[in-house]
1. Nearest-5 percent of antiparallel DSSP beta bridges in the chain?
2. Dipole magnitude of the chain about its Cα centre, charges +1 at Lys/Arg Cβ and -1 at Asp/Glu Cβ only, in debye to the nearest 20?
3. Determine, from the Cβ-Cβ distance of residue 198 and residue 47 and an R0 of 45 Å, the FRET efficiency 1/(1 + (r/R0)^6), rounded to the nearest 0.05.
4. For the range 3-65, what does the relative contact order come out to in percent, with C-alpha contacts under 8 Å and a separation of six or more?
5. Mind listing P(r) for the range 164-257? All alpha-carbon pairs, 5 Å bins, whole percents.
6. Cα-Cα pairs above 27 Å in the chain: how many percent?
7. Hey, any idea what Rg/Rh is for the range 3-65, computing Rh the Kirkwood way over Cα pairs?
8. Stretched out fully, how many nm does the piece from residue 23 to residue 182 gain, at 0.36 nm a residue minus the Cα gap?
Amino acid sequence: MRILDALRAATETLERAGIDDPLADAEILTWHTADIDRLTAFLDNPEISPQILARIRRLTTRRAKGEPVQYIVGQVEFCGLKISVGKGVLIPRPETELLVEEAVKAVIRQPASLPARILDLCTGSGCIALALAKEFPTAKVIGTDISQKALRYAKKNASANNITNVTFMKGSLFAPIKRGTTFDLITANPPYILSCEIPGLQTEVRDWEPHGALDGGNDGIDFYREIFNHAGSCLKPAGSLFMELGYGQAKAVAEIASRSGFEIIAVIRDLAGIQRILHAAPAGPS
Ligand SMILES: C[S@@+](CC[C@H](N)C(=O)[O-])C[C@H]1O[C@@H](n2cnc3c(N)ncnc32)[C@H](O)[C@@H]1O
């Protein structure tokens, strides 16, 4: 069989299973399995072996049952890094790249003060911590997460990307950080989905991704309260805090920030126009 026939069959299987974008997922699975790039596949349409065809069919069946395509291929690209993912760790989302971009831009606007210490809370696969560690090779980066499974991925991702200026620690938010340690930059993409919304999520998310990475409590903003409660004592006076926000949370989180002695530097919208990233800094003496 030729590869484009295998692609067509995989697309039909995913279409019948009601997958949102069957062609896109079938392409990812087919090119990944045959280890071929899209252009070559379309230009040469090579023959594939029965073994490759059987593997494409197996992976397509997994996708048809709802498993996220990123877990099936085991990898996702994030800020130019290859990040391994699988059951037990959240799949990094494209909007989180915006957090990294904005944090980097803010630092570059003040080149005299490259960050020496960076803390990434709720680090998961380590995607944010690793992207920042790569961008600022002289910085010492720490990533914390409560999930041992997630941290296993984070450590694997550090060594796969040859990034050595990052340490991953297990524990709740700031708990693993030695008392008195302060940071130039703190980042976080905490769980922010309302508990009551979890049952209504897409099946790929609800049935496959860890609920501990999603559930932000009754109003979705439990983690922001907790983070702002402690961030003041862990951030240097000239430091910055960048956090990802869920839909419609900007106002409530900005209020928590202000009550906790922070000023809002910016709220940045993502490509869909959603207020997605909060940039806050310790308020100066008034
Ligand atoms: C939304 S995910 C973000 C993962 C990663 N930073 C990213 O952007 O893809 C939230 C992460 O917070 C972690 N988490 C949940 N409760 C936590 C806590 N109390 N302390 C630290 N991390 C926690 C979860 O295990 C999960 O990895």
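1. The answer is about 45 percent antiparallel.
2. Charge dipole, the chain, about its Cα centre: 980 debye, nearest 20.
3. 0.50
4. 47
5. The distribution over the range 164-257 is 3, 12, 21, 22, 17, 13, 8, 4, 1, given as percents.
6. The answer is 45 percent, as a whole percent.
7. For the range 3-65, the value is 0.94.
8. 52.4 nm
Every number in this text was worked out from the coordinates using simple rules, so none of it is lab data. Computed from a predicted model, the values in this text were never measured in an experiment. Note that each Cβ is placed from the backbone with ideal geometry, even for glycine, and that neighbours are counted across all protein chains shown.
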